1. Test of understanding: among GLY286, GLY295, GLY232, which residue is buried (at least 22 other Cβ atoms within 10 Å of the Cβ), under 18 Å from the mean Cα position of the chain (by Cα) and more than 14 Å from VAL196 (Cα to Cα)?
2. Does the stretch 37-48 contain any residue that is part of a loop (DSSP other than H, G, I, E, B), hydroxyl-bearing (Ser, Thr, Tyr) and over 22 Å from ASP155 (Cβ atoms)?
3. Out of all the residues in the stretch 180-208, which are within 25 Å of GLY119 (Cβ to Cβ) and surrounded by fewer than 21 Cβ atoms within 10 Å (Cβ to Cβ)?
4. Name the residues in the stretch 126-185 that are among the small types (Gly, Ala, Ser) and within 29 Å of SER30 (Cβ to Cβ), would you?
5. With respect to TYR140, determine if the residue is assigned by TED's automatic domain parsing to the domain that holds ILE208, touching a residue at least 40 places away in the same chain (Cβ under 8 Å) and of a type in the set (Ser, Thr, Tyr).
6. Check whether at least one residue in the stretch 138-152 is touching a helix residue (DSSP H, G or I) at 6+ places or on another chain (Cβ under 7 Å), under 29 Å from GLU21 (Cα atoms) and not polar (S, T, N, Q), and report yes or no.
7. In the stretch 53-106, which residues are surrounded by fewer than 12 Cβ atoms within 10 Å (Cβ to Cβ), among the polar types (S, T, N, Q) and within 28 Å of ASP152 (Cβ to Cβ)?
8. Do we find that LYS279 is under 17 Å from the mean Cα position of the chain (by Cα), in the same structural domain as GLN230 (by TED's automatic domain parsing), loosely packed, with under 15 Cβ neighbours inside 10 Å and not in a strand (DSSP E or B) in this structure?
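The values are calculated or read from the model by the stated rules, or taken from the named source; none is laboratory data. Bear in mind the structure is a predicted one, so any value in this text is a computation, not a measurement. FYI the Cβ positions are ideal-geometry reconstructions off the backbone, even for glycines, and counts take in every protein chain you see.
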Amino acid sequence: MVRALTVIALCLLMTRAFGFEPGKVDFSISFKGETSDYRVMSAFLQASEEFVFKINLPESEQIEISGQGDVVKEPGDRYRWTAPAHPGVSRLTIRRPSSGAQITLNLFVLVPANQVEEGMLNGYQIGHYPSEAYLNQAIYLPPPGYLEVTKDMLDIELTPNYRLEQFLCRQPSEFPKFLVLREKLLLKLEYLTEQVNSAGVPVSSFVIMSGFRTPYYNTSIRNAMYSRHQWGGAADVFIDEDPKDGKMDDLNKDGKVDKDDAEYLAQLIEKFAETPDYKSFIGGLGVYSANSYHGPFIHVDVRGAMVRW
């Protein structure tokens, strides 16, 4: 037990030595099957949706909640907030007076998918999702809505180390743009960022080479029909810290940047995948070499099944 605590303490010291702060607080909230103890977190909701969240503290402890809209207290330290009827972003702040810690919760109301006409949404090309869900799995049904992103929203922190702009589809277009994103992907990226730092590899935030892809864009680059990017549950990432040159760092310290560095990062993640904390983040892990357009990178997703390539 003492040895385990020593290892944890050393990992935390290494993480902070690199200047990385995970952005965690001393309590957590649970919602939509996820739990977060980050100082800022985001959720994606339908218009007028009843959003229920739980504050994971003793019921006797005082909590302060402020922000837009009314929050109704329910039994068991659960709270209910009704999303507005129109798309946009609202914020709630949940504060623990005993420590001063607080969580800011971004609540994004989506534009309903039924507003997509002939593959277009307010001038933005979405394209068409596959007519049949892959293996009849619900996660491959067309998304129920899209997050409308205007230029002034790009710097919104979704979590402590990831911003809204990082997940936008790469297809050329004017604003507004539209996005699909899963909360679990945000939590997985934060988890991996912290763990990679603890393993001795400094990273402030993964470079997200590709986050959300519209079906239109996914088809244009000849990617797989059921790519998880189209459902906001995947990211192609690499580490670019030293030097910051737009490509993967020399992670294995062999004096060159190539697929072996992506393999090195993937092997780290495989080690994390053996731990209980990783269970909720099970998904795909792929390794890619460089080409004339990009350097080496890895793919991670939250499909719920272990897939490797």
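1. On the way: GLY286 fails: buried (at least 22 other Cβ atoms within 10 Å of the Cβ); GLY295 fails: under 18 Å from the mean Cα position of the chain (by Cα).
Residue meeting the stated conditions: GLY232.
2. yes
3. Answer for the stretch 180-208, where residues must be within 25 Å of GLY119 (Cβ to Cβ) and surrounded by fewer than 21 Cβ atoms within 10 Å (Cβ to Cβ): just ILE208.
4. Passing the criteria: ALA133, ALA138, GLY145.
5. Working: assigned by TED's automatic domain parsing to the domain that holds ILE208: yes; touching a residue at least 40 places away in the same chain (Cβ under 8 Å): yes; of a type in the set (Ser, Thr, Tyr): yes.
Answer is yes for this residue.
6. Within the stretch 138-152, one or more residues are touching a helix residue (DSSP H, G or I) at 6+ places or on another chain (Cβ under 7 Å), under 29 Å from GLU21 (Cα atoms) and not polar (S, T, N, Q).
7. Scanning the stretch 53-106 gives a single hit, SER66.
8. Working: under 17 Å from the mean Cα position of the chain (by Cα): yes; in the same structural domain as GLN230 (by TED's automatic domain parsing): yes; loosely packed, with under 15 Cβ neighbours inside 10 Å: yes; not in a strand (DSSP E or B): yes.
Spelling it out, LYS279 is indeed under 17 Å from the mean Cα position of the chain (by Cα), in the same structural domain as GLN230 (by TED's automatic domain parsing), loosely packed, with under 15 Cβ neighbours inside 10 Å and not in a strand (DSSP E or B).
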